[in-house]
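First comes the structure, then the notes that go with it.
Nothing in this text is a laboratory measurement; each read-out follows from the coordinates by a stated rule. Source: prediction; values computed, not measured. All Cβ positions, even for glycine, are placed from backbone atoms using ideal geometry, and neighbour counts span all protein chains on display.
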């Protein structure tokens, strides 16, 4: 599967000057919602990501809302597991919505569309672990962390993408006056 081509085909690969959720600046942004809005592409990505973890016994798959909701569903479907999501709790962390069940000892896979620093998926992981879940792996459509993301369990992605990321004070795009777009 050519993941980058799917991003291009769906208009989900954007070029310019972007403020990432991590606070870093980048000339490339991957708008995964534009890709995942297509059920056939979402299902194909979910099946491919699920195959990377098919040897793990997974009780549920979790992703951070909003971007991880569709992804957790399609990966869970591929693995025959439950699909959960974590949402912001108003205190800088994440929590599971009432009614979503984690039994103590349940094994889970955490998923994210694009991992740069991994902070969003870490918050979802903490929410599941707080309910007794046991993390067995982290999956992403795209790893743009440059090999820096470490979750203490296997981390696998469909695509590793080397994209420049800059601290705001060292950003050449800012220096050149390229307008910054928040995403």
The simple spin-label model distance between residue 98 and residue 160, using points 7 Å out along Cα→Cβ, in nm, is 4.5
Using alpha carbons only, how many degrees (0 to 90, rounded to 10) separate the axis of helix 67-79 from the longest principal axis of the chain? 40
The helix 39-51 Cα axis meets the longest alpha-carbon principal axis of the chain at an angle in degrees, between 0 and 90 and rounded to 10, of 70
So how far apart, in nm, are the two label points at residue 130 and residue 167 if each is 7 Å from Cα heading toward Cβ? 3.1
Pick from 61, 45, 163 the residue whose mean-square fluctuation is largest in a GNM of the chain, springs joining Cα atoms under 10 Å. 163
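Which value in deg cm²/dmol, rounded to the nearest 500, describes the helix-derived mean residue ellipticity at 222 nm for the chain, given -39,500 (n - 2.57) per DSSP H run of n ≥ 4 and division by the residue count? Spell out each step's value before the answer.
On the way: 6 runs with 54 residues, N = 183.
So the calculated ellipticity at 222 nm is -8500 deg cm²/dmol.
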Where both residues lie in the chain, what percent of DSSP beta bridges are antiparallel, nearest 5? 30
Quick check: pseudo-label points 7 Å beyond the Cα along Cα→Cβ at residue 174 and residue 14, how many nm apart are they? 1.9
Any chance you could list P(r) for segment 3-182, counting all Cα-Cα pairs in 10 angstrom bins from zero, rounded to whole %? 10, 38, 35, 14, 3, 0
So what's the angle, to the nearest 10 degrees on a 0 to 90 scale, between helix 119-130 and the longest Cα principal axis of the chain? 20
For segment 36-106, would you read off the P(r) tail past 21 Å as a percentage of all alpha carbon pairs? 27
Please work out how much length the chain gains when fully extended from residue 21 to residue 57, using 0.36 nm per residue of separation minus the C-alpha to C-alpha distance, in nm with one decimal. 9.8 nm
